[in-house]
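Report on one structure; see the data block that follows.
The values are calculated or read from the model by the stated rules, or taken from the named source; none is laboratory data. Just so it is clear, the model here is predicted, and its values are computed rather than measured. Neighbour counts run over all protein chains shown; Cβ positions are idealised from the backbone, glycine included.
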Amino acid sequence: MKIKLNQTLAVSVIGAVLTAVTITSCNKSPYPGYAMSENGVYSKFYKHDEKGVKPAEGDYVRVVMSYKNSKDSVLFDSKKNPSGKTYIEFPLSKSTFKGSFEDALTMMSVGDSASFIISADSVYLKTFRAKELPKYVVKGTMLTFEATLQKITPKAEVEADKKKKMEERKAMLDLRKDAEPKELEKYLADNKVTTKPTSTGLIYIEKSKGKGAKPTKGCKVKVNYTGRLLDGTVFDTSDKEAAKKAGLFNEQRPYEPIEIPIGMGQVIPGWDEGIMMMNTGAKAQLIVPSAIAYGEQGQGPISPYSTLVFDVELVSFSPADAAPTAAPKGK
């Protein structure tokens, strides 16, 4: 009985030793304090919930992170984000190589914090898809990532939220599209505008006649302008006093006629059409429906499906590489 017990104990001890050797072999790492996992990531966890839910491909992850090169220079730190956010948020993509940062994230649960050592070459050339390594990264070296996983949003939840927002936007666009012609009709009636629109819907109202020829496609024009919404809100202007009055004044901006090639799609279609109807020195008002302005996308303070009103002055124009045709004196 005693012999059998000793034999059993010996077998148990040998088994334990072999298990320990196996684990040590699997976790063999050239970086002290870091263990290498089966997915090739060298990791050191400061806080780790092994039973917690891990992110999967397509899930959105919110991570506070930084990484530095082999010379201990910090190359990125989410806490120094100009936007004020201390984290970055992105969909977890498919691993770009064995031992990638994507692989590292799949090891983490919400609240986990860890350090990962990852191949610099692979990060830049495979994950970042750079054509070559930057000068501050030495070929064959490693990057050290510090990361805290703050949040996991499942892929299905993200897609459902995206679908909901798309449906809400479509409903809003439908309302704006239906409202535009009614708003325009009211504006024309309130302002006693009887000028007929062109085939595109542009309403061109001449305020002051110019002289000479009209610019044609490709000409460079210099134009003063003020743009308004139908409710009178000024959203842009080249006039300094108008900008101050509207609360739009910007010291960094020069307030002077803008120079643009006309008829080349550099501006909204309503401008291309309207300005080519003007002589040098002419002043006009362009009432521009959204179909030939910013359409369903809108632009900054301009909502989707907004008709715009521009007061414009054609200061001068010239063909490319030619002297400008100046406005007559007194205009």
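Residues in segment 95-134 that are under 22 Å from the mean Cα position of the chain (by Cα) and assigned to a loop (DSSP other than H, G, I, E, B): 3 in all. Can you report the number of residues in segment 281-310 which are part of a strand (DSSP E or B) and surrounded by fewer than 23 Cβ atoms within 10 Å (Cβ to Cβ)? So the count comes out to 7.
From the set of residues in segment 180-202 that are among the hydrophobic types (A, V, I, L, M, F, W, C) and part of a helix (DSSP H, G or I), which is nearest to the chain's Cα centre (by Cα)?
Within segment 180-202, the subset among the hydrophobic types (A, V, I, L, M, F, W, C) is 184, 188-189, 193, 202.
When the remaining residues are screened for being part of a helix (DSSP H, G or I), the result is 184, 188-189.
Working: L184: 33, L188: 38, A189: 40 Å.
If we take residues in segment 180-202 being among the hydrophobic types (A, V, I, L, M, F, W, C) and part of a helix (DSSP H, G or I), then L184 is nearest to the chain's Cα centre (by Cα).
Out of A147, A160, A171, which single residue is among the small types (G, A, S), under 29 Å from V110 (Cα atoms), surrounded by fewer than 13 Cβ atoms within 10 Å (Cβ to Cβ) and out of contact with any Pro (no Cβ under 7 Å at 6 or more places or on another chain)? I'd like the intermediate steps shown before the answer.
Numbers: A147 fails: surrounded by fewer than 13 Cβ atoms within 10 Å (Cβ to Cβ); A171 fails: under 29 Å from V110 (Cα atoms).
Checking each option against the conditions leaves just A160.
Among the residues of segment 65-91, those identified as exposed (fewer than 12 other Cβ atoms within 10 Å of the Cβ) and either in a strand (DSSP E or B) or of a type outside the set (K, R) (or both) are D72, S73, P82, S83, G84, F90. Would you confirm, using the coordinates I've provided, whether S208 is more than 24 Å from K186 (Cα to Cα), small (G, A, S) and free of Cβ contacts under 8 Å to residues at least 24 places away in the same chain? For S208, the condition - more than 24 Å from K186 (Cα to Cα), small (G, A, S) and free of Cβ contacts under 8 Å to residues at least 24 places away in the same chain - is not met. Of the residues T226, T148, the single one that is part of a strand (DSSP E or B), of a type in the set (S, T, N, Q) and assigned by TED's automatic domain parsing to the domain that holds E102 is T148.
Looking at (1) under 29 Å from L184 (Cβ atoms); (2) in a loop (DSSP other than H, G, I, E, B); (3) modelled with pLDDT of 95 or more, find the lone condition where M264 falls short. The single condition M264 does not satisfy is (3).
Could you tell me whether R253 is charged (D, E, K, R), under 31 Å from the mean Cα position of the chain (by Cα) and over 17 Å from D311 (Cβ atoms)?
Details: charged (D, E, K, R): yes; under 31 Å from the mean Cα position of the chain (by Cα): yes; over 17 Å from D311 (Cβ atoms): yes.
For R253, the condition - charged (D, E, K, R), under 31 Å from the mean Cα position of the chain (by Cα) and over 17 Å from D311 (Cβ atoms) - is met.
So, K162, is that one farther than 19 Å from S78 by Cα, within 23 Å of the chain's Cα centre (by Cα) and in the same structural domain as K47 (by TED's automatic domain parsing) or not? Steps first, please.
Values: farther than 19 Å from S78 by Cα: yes; within 23 Å of the chain's Cα centre (by Cα): yes; in the same structural domain as K47 (by TED's automatic domain parsing): no.
Considered against the rule, which asks whether it is farther than 19 Å from S78 by Cα, within 23 Å of the chain's Cα centre (by Cα) and in the same structural domain as K47 (by TED's automatic domain parsing), K162 comes out as no.
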